[in-house]
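A short write-up of the structure that comes next.
The values are calculated or read from the model by the stated rules, or taken from the named source; none is laboratory data. Computed from a predicted structure; not experimentally measured. For neighbour counting, all protein chains shown are included, and Cβ atoms are generated from backbone atoms with ideal geometry for every residue, glycine included.
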């Protein structure tokens, strides 16, 4: 028997049992700590920016204006790269930078088959192959499932674990810098190419129209006595669209104002457009001239 005033013996493990959540709750808490949809979103889009820019640099000269074929090829190559990286490294550049680890349930690297199935399911159910508008619906559905159930459909079907760790500030800054630099380069390079191609095409078109105008006026090019704008002071004609108030193009290298006027008028006549007008400028650098005349 216990003495009358002695407290009943308390087993310390009872308190531990009371404070330890049931297995289901513990598992749910663990999963919840790994639910970071925006980190995953930015990691994948960082990969898109990096690989998209690199692939476009290589594929654009190959496919030229066949943009659809270039896009399909880019998607296929990107999937292949992602499969290899996940099966050999466990990360892509974006995932590594933002601490997104992809492993199987035992913590090991994915097999090539598992990585391939995951990549394919992501493109189908998570990105909808990048189809405009539909991609946003797919993104939202994947986001809702991840935040509500703690796992995406492709990771659940593949029995894949995606874990996170704290992202240091320098990693965030590097990610922002990479995205900004690659985006700027991806915009600037095609723009420079497009401007160069436009200038070459414009010069070619104007030269052909000019030749046609000279033939119609029975004037030989040698009679114009052209001069070199880089070594001499010459006249240049500028063609404008009156309706759009826009500059169309210019051509220089004429010794006299009369030659400049003749070529400009002949070109407009040959172009058969009522909306075009011209002005001649002397000793021009770009669109800046010492003087201008009609």
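Key figures
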item: Which listed residue, of 110, 97, is crowded, with 18+ Cβ neighbours inside 10 Å and under 25 Å from the mean Cα position of the chain (by Cα); result: 97
item: Selection count where residues are touching a strand residue (DSSP E or B) at 6+ places or on another chain (Cβ under 7 Å), in a helix (DSSP H, G or I) and more than 18 Å from residue 44 (Cα to Cα), scope the range 139-188; result: 0
item: Among residues of the range 76-90, those that are touching a strand residue (DSSP E or B) at 6+ places or on another chain (Cβ under 7 Å) and without any contact (Cβ under 8 Å) to a residue 24 or more places away in the chain, counted; result: 1
item: Selection within the range 140-168 - in contact (Cβ under 8 Å) with a residue 24 or more places away in the chain and farther than 21 Å from residue 83 by Cα; result: 143, 146, 147, 150, 165, 166, 167
item: Check on residue 137, closer than 23 Å to residue 38 by Cβ, surrounded by 15 or more Cβ atoms within 10 Å (Cβ to Cβ) and either touching a helix residue (DSSP H, G or I) at 6+ places or on another chain (Cβ under 6 Å) or free of Cβ contacts under 8 Å to residues at least 40 places away in the same chain (or both); result: no
item: Selection from the range 153-166 of residues that are within 28 Å of the chain's Cα centre (by Cα) and farther than 18 Å from residue 92 by Cα; result: 153
item: Sole exception among (1) part of a helix (DSSP H, G or I); (2) touching a strand residue (DSSP E or B) at 6+ places or on another chain (Cβ under 8 Å) for residue 57, by number; result: (2)
item: Sole exception among (1) touching a strand residue (DSSP E or B) at 6+ places or on another chain (Cβ under 6 Å); (2) in a helix (DSSP H, G or I) for residue 41, by number; result: (1)
item: The lone exception for residue 212 - which of (1) outside the structural domain of residue 76 (by TED's automatic domain parsing); (2) modelled with pLDDT of 80 or more it fails; result: (2)
item: Any hit, the range 123-131, residues being part of a loop (DSSP other than H, G, I, E, B), surrounded by fewer than 12 Cβ atoms within 10 Å (Cβ to Cβ) and without any contact (Cβ under 8 Å) to a residue 40 or more places away in the chain; result: yes
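Residue-by-condition table, conditions (1) at pLDDT 95 or above; (2) surrounded by fewer than 12 Cβ atoms within 10 Å (Cβ to Cβ):
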residue	(1), (2)
15	no, yes
26	no, yes
54	no, no
57	no, no
92	yes, no
